[in-house]
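Notes follow the structure.
The values are calculated or read from the model by the stated rules, or taken from the named source; none is laboratory data. Bear in mind the structure is a predicted one, so any value in this text is a computation, not a measurement. For neighbour counting, all protein chains shown are included, and Cβ atoms are generated from backbone atoms with ideal geometry for every residue, glycine included. SASA here: full protein model, heavy atoms, side chains in, ligands and nucleic acids out. Shrake-Rupley method; radii C 1.70, N 1.55, O 1.52, S 1.80 Å.
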Amino acid sequence: MSSSHLTLHIISMHTDPFAQPGNGSAGGMNVYIARSLAAMMALDDSLQVEVFTLALGEPSPLPAALAPYAERIATHRIECPGFETASRDEQHLFVTDFARGCLQAARQTPDIIHAHYWLSALTALEISRSYSAQGQSEIPVIFTPHTTAATKDARRGEHEPAEPAYRYEGEEKILRSVALSIVNTPLEAADISRYYSVPVKNLAVVAPGVDISIFRPEPSIQRDHAGSSTTSSLYFAGRAAPLKGAHLLVEALPYLPADISVDLHMMSDIDSDYMRALGRRAEELGLGERVYLRPSAPPHKLAEYFQHADIVACPSSSETFGLVALESQACGAAVLASDADGLRYAVENNVSGMLVAERTASAWAAAIEYLVRNPSLREQLGKRAAQRARRFSWEATASSLLEYYRQFAVAESGER
């Protein structure tokens, strides 16, 4: 490696990093990988990248933002027979097979490996050891958790399962072994340091960004019910999983007073068991004409939804950051979010949005009612939200990531 050339391997085992967020296991992590990679490719015209993911379903096309750099990006979809039908508790048993497939598929020896999520990090450590066993330098591994067992368990809601012991053990091993763990917020760093006894020097904070060329206020688009103190549209976008909290919004609507009318629009994997169950629950509650299930949307369409929304809700039990909260703020929407970890960083309470302290249907209903009855506050929050979101850019994220890649690749290799 020279100072002008870097070969990066990105590991995203359980989810295709280029998949449509909101479908299946795809979410904020996928946005993070794709958008930060596009920004890094733009900043460093010598960067060579190989991406490794499991071959699950139809392959996703390279996102438009990455198309100009297609010649410098190789995507490997690794076959691991049995993974697709494996239970959640069995997925970690495929790490060795996946690592072996990555090694066989790799075109170049990497200077650095960036692993996203704990399964990917276990894979990356096996790959690094394999290179070392072949007489080559051990490849430095950088780890971005996106979530950890301890933080999820500390904040999990009702009916959300506890994380298994093997995940705790795996994450403890990862955090002891990697060159650096990159997290999204200072709060996430503090949590990991506390729960896993990780020295602060082994952690770095790099905030995600937002693409303000897409997610921005659009003067030609009116809010669905601008100025109304009795009627509003409420939007949700996220993975179909209880921890994302879409069910809280459905359950909150019956708590609203009779003079308040709120339509709930939920963009997610509408074919999932979770979203189908929410559709049935809405019918049971007599809300069939007020709850709309919409398929997950690509960025430009998602931005349009946020530009129309009177309120955007992020009722997650835990988020390492909360990209939906940031993207909707960038569009000038009034945001309600759970008062939880990364959402406290993404949303400045009572300035760019409002945080809901209790994760209950009644608490969310009260927060929704408050914003519906205060249209001028919605407008003020939206204006300040758009201003605040401009502080976050993928270019800044990419610049920091490249700096850490070079620092650790050089430190390990001595300019090999």
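For the stretch 382-399, give me each residue that is over 16 Å from the mean Cα position of the chain (by Cα) and open to solvent by 20 Å² or more (accessible area, probe 1.4 Å).
383, 384, 387, 388, 390, 391, 395, 396, 399 - these are the residues of the stretch 382-399 that are over 16 Å from the mean Cα position of the chain (by Cα) and open to solvent by 20 Å² or more (accessible area, probe 1.4 Å).
Considering only residues that are under 25 Å from residue 148 (Cβ atoms), surrounded by fewer than 23 Cβ atoms within 10 Å (Cβ to Cβ) and out of contact with any strand residue (DSSP E or B) (no Cβ under 8 Å at 6 or more places or on another chain), which ones fall in the stretch 309-354?
345, 348
Output the number of the condition that residue 136 fails; it satisfies all remaining conditions of (1) open to solvent by 10 Å² or more (accessible area, probe 1.4 Å); (2) farther than 22 Å from residue 406 by Cα.
Condition not satisfied by residue 136: (2).
Based on this model, can you work out whether residue 57 counts as crowded, with 16+ Cβ neighbours inside 10 Å and within 21 Å of residue 91 (Cα to Cα)?
no
For residues that are among the acidic types (Asp, Glu) and open to solvent by less than 60 Å² (accessible area, probe 1.4 Å), scanning just the stretch 150-193, find the one that is nearest to the chain's Cα centre (by Cα).
Only one residue fits best here, namely 188.
Go through (1) open to solvent by 20 Å² or more (accessible area, probe 1.4 Å); (2) within 28 Å of residue 64 (Cα to Cα) for residue 306 and report which single condition fails.
Only one criterion in (1) open to solvent by 20 Å² or more (accessible area, probe 1.4 Å); (2) within 28 Å of residue 64 (Cα to Cα) is unmet by residue 306, namely (1).
Looking at 238, 209, can you tell me which residue is under 24 Å from the mean Cα position of the chain (by Cα), open to solvent by 10 Å² or more (accessible area, probe 1.4 Å) and not charged (D, E, K, R)?
The unique qualifying residue is 238.
Working only within the stretch 276-297, note down all residues that are part of a helix (DSSP H, G or I) and open to solvent by less than 60 Å² (accessible area, probe 1.4 Å).
277, 278, 279, 282
Does the stretch 262-271 hold any residues that are in contact (Cβ under 8 Å) with a residue 12 or more places away in the chain, open to solvent by 20 Å² or more (accessible area, probe 1.4 Å) and farther than 24 Å from residue 228 by Cα, and which are they?
269, 270
Would you mind stating whether residue 334 is small (Gly, Ala, Ser) and closer than 25 Å to residue 153 by Cβ?
Spelling it out, it is not the case that residue 334 is small (Gly, Ala, Ser) and closer than 25 Å to residue 153 by Cβ.
Exactly one of these conditions fails for residue 254: (1) under 24 Å from the mean Cα position of the chain (by Cα); (2) open to solvent by 10 Å² or more (accessible area, probe 1.4 Å). Give me its number.
Looking at each condition in turn, residue 254 falls short on (1).
Please find, among 181, 197, 193, 228, the residue that is touching a residue at least 40 places away in the same chain (Cβ under 8 Å) and among the polar types (S, T, N, Q).
Working: 181 fails: touching a residue at least 40 places away in the same chain (Cβ under 8 Å); 197 fails: touching a residue at least 40 places away in the same chain (Cβ under 8 Å); 193 fails: touching a residue at least 40 places away in the same chain (Cβ under 8 Å).
From the options 181, 197, 193, 228, the qualifying one is 228.
Yes/no matrix, rows are residues, columns are (1) basic (Lys, Arg); (2) closer than 25 Å to residue 47 by Cα:
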| residue | (1), (2) |
| --- | --- |
| 121 | no, yes |
| 150 | no, no |
| 154 | no, no |
| 166 | no, no |
| 172 | no, no |
| 176 | yes, no |
| 198 | no, no |
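In the stretch 11-28, how many residues are surrounded by 23 or more Cβ atoms within 10 Å (Cβ to Cβ) and among the hydrophobic types (A, V, I, L, M, F, W, C)?
3
Considering every residue within the stretch 290-309, establish whether at least one is among the charged types (D, E, K, R) and in contact with a Leu (Cβ under 8 Å, 6 or more places away or on another chain).
yes
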